[in-house]
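Asks: This is the structure I have questions about; it appears just below.
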Ligand SMILES: *Cc1c(COP(=O)(O)O)cnc(C)c1O
């Protein structure tokens, strides 16, 4: 059981928390409040640690205009997965040269849409997709996404579905050249909320093999490595800080590529936004299932279908803070809908104060990313999760 009370100061500085809390006190639950100054600081911290990297923010993490505008003004580029995300970003005045189409699963007509808008950099991991790109986006830069291991150390793995084996990646880059495209680089994603920094070492090692073999055997000089996202947010399970990630990853790059390494792209999502957000919910009901039951069920007005989808398989364990203090008791935490899958934590037992009562607020920390847009539109009639930017 997480029998440790969550302490605010482990997650937010006092001034920021007070500001967010004061705002939250004026609103009806459930909602997410996001402190944009924190995103601003996170971006500076990332570029400070990786001064040579080009940042392509993974728009899916939180596509709010407030976030996109801020990051655009700070010079970020954007990793985009659909024509809808593209429209959002372009409508803010971002130039298409700062956008990449990073989704390996796409319709031909959507590739053409990106191309017509001016996007010239595309990810792929299959021959069919590559041939579509050659037709719909001739001459564009191509990077091939490879499979990586390390899914069991990532809390939200992105393996299997995306990427291809190294041999196929080489075939695709050669085919890209033969189809008149520009074989530009290699990408990977070691899995989101990746706690094992060494998974970048293994992935960069695979990339090095591709760079060398294509150069020696086919005369193709690749120019870019896309290290993906995967940098951690602050949840219950501890992680190293970003500076440690950066030191290690830079060392891996230099070991494999020397000091004169290729262009490096990063695609952060979670690590830029999560700790800027607090999701605020209210306790709807508290019950025991039997007179002698040792734990209570806490039902709250937010759930799997209203933003907390990453609690699937209890993957992401958000720190939950309440203003009540005192003795803790093991609880099961569930959402408000009439679907029995709408249980956030049952196996991993959270400890919440015994005096937590119906009507009390629960503060879900580090919920700025992968919450707002993951909310259903009206399951059981509940409206989508609201989000506010302060
Ligand atoms: C989701 C995604 C990211 C962002 O990953 P985080 O772990 O949130 O940093 C980056 N690149 C691609 C291709 C993605 O799909």
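The values are calculated or read from the model by the stated rules, or taken from the named source; none is laboratory data. Note that the structure is predicted; figures quoted are calculated from it, not measured. Virtual Cβ from ideal backbone geometry, glycine too; neighbours counted across all protein chains shown.
Asks: Sort out which residues of region 120-144 are surrounded by fewer than 23 Cβ atoms within 10 Å (Cβ to Cβ) and within 15 Å of residue 79 (Cα to Cα), and write them in order of number.
Replies: Selection gives 120, 141.
Asks: Report yes if some residue within region 326-339 is within 24 Å of the chain's Cα centre (by Cα) and within 25 Å of residue 152 (Cα to Cα); otherwise report no.
Replies: yes
Asks: Moving on. Can you name the condition, by its number, that residue 143 falls short on among (1) assigned to a helix (DSSP H, G or I); (2) within 14 Å of the ligand (Cβ to nearest atom)?
Replies: Among (1) assigned to a helix (DSSP H, G or I); (2) within 14 Å of the ligand (Cβ to nearest atom), the lone unmet condition for residue 143 is (1).
Asks: Determine whether residue 127 is touching a residue at least 40 places away in the same chain (Cβ under 8 Å), away from the ligand (no atom under 16 Å from the Cβ) and more than 29 Å from residue 147 (Cα to Cα).
Replies: no
Asks: Answer with yes or no whether residue 177 is in the same structural domain as residue 60 (by TED's automatic domain parsing), under 18 Å from residue 268 (Cβ atoms), more than 15 Å from the ligand (Cβ to nearest atom) and in contact with a strand residue (DSSP E or B) (Cβ under 7 Å, 6 or more places away or on another chain).
Replies: no
Asks: Of all residues in region 249-270, count the ones that are part of a loop (DSSP other than H, G, I, E, B) and within 16 Å of the ligand (Cβ to nearest atom).
Replies: 3
Asks: Scanning for something surrounded by fewer than 16 Cβ atoms within 10 Å (Cβ to Cβ) and part of a helix (DSSP H, G or I), does region 157-168 turn up at least one residue?
Replies: Restricting attention to region 157-168, the residues satisfying the condition of being surrounded by fewer than 16 Cβ atoms within 10 Å (Cβ to Cβ) are 160-161, 165, 167.
Filter once more, so that each one left must be part of a helix (DSSP H, G or I): 167.
Yes, that holds for at least one residue.
Asks: Another question, then. Name the residues in region 210-246 that are assigned to a helix (DSSP H, G or I), over 30 Å from residue 276 (Cβ atoms) and touching a helix residue (DSSP H, G or I) at 6+ places or on another chain (Cβ under 9 Å), would you?
Replies: Answer for region 210-246, where residues must be assigned to a helix (DSSP H, G or I), over 30 Å from residue 276 (Cβ atoms) and touching a helix residue (DSSP H, G or I) at 6+ places or on another chain (Cβ under 9 Å): 210, 211, 213, 214, 217, 218.
Asks: Which residue pairs have Cβ atoms closer than 6 Å, lie 6 or more positions apart in sequence or on different chains, and pair a first residue in region 229-245 that is more than 15 Å from the ligand (Cβ to nearest atom) with a second residue that is in a helix (DSSP H, G or I)?
Replies: As it stands, the answer is 243/49, since those pairs meet every condition given.
Asks: Among what's in region 13-45 and is under 21 Å from the mean Cα position of the chain (by Cα) and closer than 27 Å to residue 383 by Cβ, pick the residue that is surrounded by the fewest Cβ atoms within 10 Å (Cβ to Cβ).
Replies: The selected residue is 36.
Asks: Regarding region 45-65, can at least one residue be identified that is in contact with a helix residue (DSSP H, G or I) (Cβ under 6 Å, 6 or more places away or on another chain) and either away from the ligand (no atom under 16 Å from the Cβ) or outside the structural domain of residue 125 (by TED's automatic domain parsing) (or both)?
Replies: So far as region 45-65 goes, no, none of its residues is in contact with a helix residue (DSSP H, G or I) (Cβ under 6 Å, 6 or more places away or on another chain) and either away from the ligand (no atom under 16 Å from the Cβ) or outside the structural domain of residue 125 (by TED's automatic domain parsing) (or both).
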